[in-house]
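Notes follow the structure.
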């Protein structure tokens, strides 16, 4: 009897409490109505105290994940980029703050999602979202929140997502250009082996190699290799067994160096072309250095750190005294697209809002990359087959260059990629 | 020929595993704990060598010797700060603590590594030796030689020194050893010091490899786990044999599995040591050389 | 076995028991009854107190609590240390995703309702647990731990290669849909007249899920099966001699634990959305082990506390790291450490410190508090 009454009493209390508390939890569950990261208040420590403040977020791999060595300089460069924008007077009456909402996801989709939930009401856009499955993990919420994002990868699939602002040629196009270049300049005529990680990055590149191999009449073999320099024995012996004259690698730098070193040790004399993330200047100090100088070329979306363009110069000046690394170059170059979107949104009716950012992101006709990329590389106004940027840069090893590579062939779209009908991602992510 | 080459490759890689496995076994014998901090000790040791050779300009071998001492010191500090207060607590609590240590040390190491991998220059490291069509780099040869020397030195240490005897006694029965006047704290510290030093040797040679020490290199040390189980958790020869076996099995599967047993999927060699471990354990539940546990009610 | 006679409670003597059944009762003291009631009521109030991001962490914490309870059944109660929990969670997650998820160009999915995929995930994981059982019969202690760790690595390989089920590494797939009796937990809106956001709905469902499985586990633990588990843990040879079938109970412990792991995996990733095979690695196994060690071995409430602690630990170390002076908030550059590195270090340090200073776990702290108030004001 008493138990029942107790229950009733507690239940009644709970109900009243619930009603009261629902009120105090208030509107924080909504998405964009609470300003959504765009305020008229100046930023903390504002450069231009008269400007309002736009908060950007970045979810990256900053400590323990596999891409931390690249992601840290990427994020540093992005911070420097937006600081520079503020120095130059801001965008449309706003300063930009990236520093307050940088999060470390350890390259884990789950943490990526959690970090996004933490910042989703407080940022207007994501200046960086690193990783493919990681970005997919938040893509639906981004769409619901009208948040656009800059990916820290070059997947061809991003060309088909309106709210993802990619810059530069995808891994897939990069691979096509790499193969075309090797056929034209290095006399490759028989067989190409594409060796790379499984999944988004390696898969995208391998798809490009396959298309280019077919176009050039080469025999094509694909190999998958796991991460870890100690795990490359299999890849090396399989490549040697195939006897190709071109190897296209899409792994990390350690794996690439181990493979190239192993190939050279066994007398391989063909050509090796790697996707842009395969290079790290420290490799020049390794035992594989002579092999790399002899065999390796890097296909990349833009010129390396030491390239002579106004954009590169501005980046080097802004960063000051840092160990040169092409993570910086990537972080800096990617940011131009978001800057252009902010500028375009400022001209729209209603100024910079999340909705206008989404609208502007789909209507860009050009982006001023200050020479790092051609202006039309940033176009998004049209379907991907028209707007996707198809030119890549080929670099060779050069120990005297700041990041150990210099341009061998400047922006070029090879015959394969120029004829390629881009109606779906090279490597589908979902 | 291809088989021979892959066995030679495997022995080189296996030497790293063997050194690491010895470290695990040292700690296990003294404290009955599996230390998950071994990966971090390996990374830290390799970075010490890098620092001594690159920043101070010391020759490789002297740099490595100093790194071994520093690695041993790190091992002792870890033992004293985090594990000594926990004596007598369940071993799994201790294992989890070593994981905490691993996280902390690795983050500090990553801070040091930064954006560029740290590569130790091995003297004459680019030279390739060729014997009857089998190639091996001088770095790998050096690694195998150092492993042999280390294992022999350890064996002599256990056989002929006071502390070696104390450690053996402790491994057999802690309480009896204490009753005989052995200071168990020293034994624990020594076990961790040896493990730290062994990890530093392994780390040095990993850092002197083709790609050096980057933020992901620590994973190599986990390959020593199947090695110690295959060899038997408390067996020193077992650790060496297990480590070499894991290296060879990995190299041989990497070479032949794609053609012979493609249905196992890409890169089965990654997990081949674990498959081998399961098979060995089904036949011999205490590994190849492990002591069988005597059960009493 | 004698038949158990139901004896009446002694009036006014709430703590006196007159039969074994009473002593082993689910809520055997009035204090437990009251506190449980209060806890449950408070639990249902939480979603109206916390912001969405915290609610999501709490939701995931409660779901992983079920997995921790599962691990506690096999490791805490039956004494079989398993580092293979991540594998069983993975099996559950992919079973759930395949049965309840949608088909895409990369992966298969059958769009089945929750009442099929949730138990299905548990059952398939339990079958996987049955396969491991025989190993457990042969091995003990650290050998068993490392062998179950081998299972995680083998599982990782299978998850990476079975791309039509898992999407493969770096790509991943979506978890199952979350529809309960026609209510979509992935959307916000009103339920029974109450305006509930997505996170609130998920929290309430996770709370119910946790209560069901916590009661189930408590009942297993206090039944004959639970006593057999304890006998195996304390001395397996002795247990065998008094007639406990070792093979049966070890296999049973693994199967039950895996069932809990399976349902956890399926529901966890249904809430979370996208996941990829790298999730089910050594780190996850260790996290679950840390949950039960931090919470308290062989206690249900300890498992829950430990799971919540681990769930909030990342957030906690993040908050602490941001208020430590002299740490740069940027991603790199100057300073001894970045805030992110400090965060990761704190994560490790908090686990170490916690285990050094309170080896009995959160449950130990709770026991101390309880004993203090039990004798109040005469406590010492």
Among the residues of the stretch B:96-114, the number that are at the interface with chain C (Cβ under 8 Å from one of its Cβ atoms) and either more than 19 Å from residue A:66 (Cα to Cα) or buried (at least 21 other Cβ atoms within 10 Å of the Cβ) (or both) is 10
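Here are some residues: B:120, B:131. Which one is out of contact with any strand residue (DSSP E or B) (no Cβ under 6 Å at 6 or more places or on another chain) and crowded, with 23+ Cβ neighbours inside 10 Å?
On the way: B:131 fails: crowded, with 23+ Cβ neighbours inside 10 Å.
Just one listed residue meets the conditions, B:120.
For (1) touching a residue at least 40 places away in the same chain (Cβ under 8 Å); (2) away from chain A (no Cβ under 14 Å); (3) closer than 30 Å to residue C:153 by Cβ, each residue gets a yes or a no:
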position	(1), (2), (3)
B:121	yes, no, no
B:171	yes, yes, yes
B:201	yes, yes, yes
B:222	yes, no, yes
B:231	yes, yes, yes
Kindly check whether there is at least one residue in the stretch C:41-54 that is within 14 Å of chain A (Cβ to nearest Cβ), assigned to a helix (DSSP H, G or I), crowded, with 17+ Cβ neighbours inside 10 Å and out of contact with any helix residue (DSSP H, G or I) (no Cβ under 7 Å at 6 or more places or on another chain).
-> yes
Of everything in the stretch C:105-146 that's touching a strand residue (DSSP E or B) at 6+ places or on another chain (Cβ under 8 Å) and more than 21 Å from residue C:180 (Cβ to Cβ), which residue is farthest from the other protein chains (Cβ to nearest Cβ)?
-> C:107
Of all residues in the stretch C:242-280, which are surrounded by fewer than 23 Cβ atoms within 10 Å (Cβ to Cβ) and not in a helix (DSSP H, G or I)?
-> C:242, C:243, C:244, C:245, C:273
Answer yes or no: is there a residue in the stretch A:157-166 that is under 21 Å from residue A:368 (Cβ atoms), within 12 Å of chain C (Cβ to nearest Cβ), touching a residue at least 12 places away in the same chain (Cβ under 8 Å) and touching a strand residue (DSSP E or B) at 6+ places or on another chain (Cβ under 7 Å).
-> no
Flagged in the stretch A:164-187 as under 23 Å from residue A:148 (Cα atoms) and part of a loop (DSSP other than H, G, I, E, B), in numbering order, are A:165, A:166, A:167, A:168, A:169, A:170
Would you be able to tell me the number of residues in the stretch A:193-244 that are touching a strand residue (DSSP E or B) at 6+ places or on another chain (Cβ under 8 Å), outside any helix (DSSP H, G or I) and under 16 Å from residue A:176 (Cα atoms)?
-> 9
Exception for residue B:83 within (1) more than 22 Å from residue A:70 (Cα to Cα); (2) within 8 Å of chain C (Cβ to nearest Cβ); (3) modelled with pLDDT under 90 falls at (2)
Can you tell me which residue in the stretch B:241-285 is surrounded by the fewest Cβ atoms within 10 Å (Cβ to Cβ), limited to those that are more than 10 Å from chain A (Cβ to nearest Cβ) and closer than 21 Å to residue A:221 by Cα?
-> B:263
Quick one: is residue C:150 within 14 Å of chain A (Cβ to nearest Cβ), modelled with pLDDT under 90 and crowded, with 22+ Cβ neighbours inside 10 Å?
-> no
What pairs can you find where one residue is in the stretch A:379-407 and more than 27 Å from residue A:338 (Cα to Cα) and not assigned by TED's automatic domain parsing to the domain that holds residue A:340, the other is at pLDDT 95 or above and assigned to a loop (DSSP other than H, G, I, E, B), and their Cβ atoms are less than 9 Å apart, with a gap of 6+ or different chains?
-> none
Residue B:58 fails exactly one of (1) more than 23 Å from residue B:237 (Cβ to Cβ); (2) in contact (Cβ under 8 Å) with a residue 60 or more places away in the chain; (3) surrounded by fewer than 24 Cβ atoms within 10 Å (Cβ to Cβ), namely (2)
Please work out which one of (1) more than 13 Å from chain B (Cβ to nearest Cβ); (2) closer than 20 Å to residue B:91 by Cα is the condition residue C:322 fails and give its number.
-> (2)
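Check A:235, A:257, A:288 and return the single one that is crowded, with 23+ Cβ neighbours inside 10 Å, farther than 19 Å from residue B:138 by Cβ and in contact (Cβ under 8 Å) with a residue 24 or more places away in the chain. If you could, list the steps in order and put the result at the bottom.
Values: A:257 fails: farther than 19 Å from residue B:138 by Cβ; A:288 fails: farther than 19 Å from residue B:138 by Cβ.
Among A:235, A:257, A:288, only A:235 is crowded, with 23+ Cβ neighbours inside 10 Å, farther than 19 Å from residue B:138 by Cβ and in contact (Cβ under 8 Å) with a residue 24 or more places away in the chain.
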Could you check, for the stretch C:167-176, whether at least one of its residues is more than 23 Å from the chain's Cα centre (by Cα), over 18 Å from residue C:284 (Cα atoms), assigned to a helix (DSSP H, G or I) and within 14 Å of chain A (Cβ to nearest Cβ)?
-> no
Candidates B:66, B:94, B:58, filtered to the one that is part of a loop (DSSP other than H, G, I, E, B) and more than 16 Å from the chain's Cα centre (by Cα) | B:58
Filter the stretch C:224-241 for residues that are at pLDDT 90 or above and either part of a loop (DSSP other than H, G, I, E, B) or in contact with a strand residue (DSSP E or B) (Cβ under 8 Å, 6 or more places away or on another chain) (or both) and give the result.
-> none
Of those in the stretch A:118-133 that are at pLDDT below 90 and in a helix (DSSP H, G or I), the residue nearest to residue C:53 (Cα to Cα) is A:118
The number of residues in the stretch A:215-232 that are closer than 25 Å to residue A:66 by Cβ and without any contact (Cβ under 8 Å) to a residue 60 or more places away in the chain is 10
Within the stretch B:1-40, can you find the residues that are over 21 Å from residue B:247 (Cβ atoms) and assigned to a helix (DSSP H, G or I)?
-> B:27, B:29, B:30, B:31, B:40
Is one or more of the residues making up the stretch C:86-105 under 21 Å from the mean Cα position of the chain (by Cα), assigned to a helix (DSSP H, G or I) and at pLDDT below 90?
-> no
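Collect the residues in the stretch C:153-191 that are at positive phi and surrounded by fewer than 20 Cβ atoms within 10 Å (Cβ to Cβ), keeping them in residue-number order. First the steps, then the outcome.
The initial filter retains those residues of the stretch C:153-191 that are at positive phi, namely C:167-168, C:170, C:172, C:181-182, C:189.
Listed by number, the residues that qualify are C:181, C:182, C:189.
The values are calculated or read from the model by the stated rules, or taken from the named source; none is laboratory data. Since we're looking at a predicted model, the values are computed, not measured. Don't worry about glycine lacking a Cβ; one is built from the backbone with ideal geometry, like all the others, and counts go over all protein chains shown.
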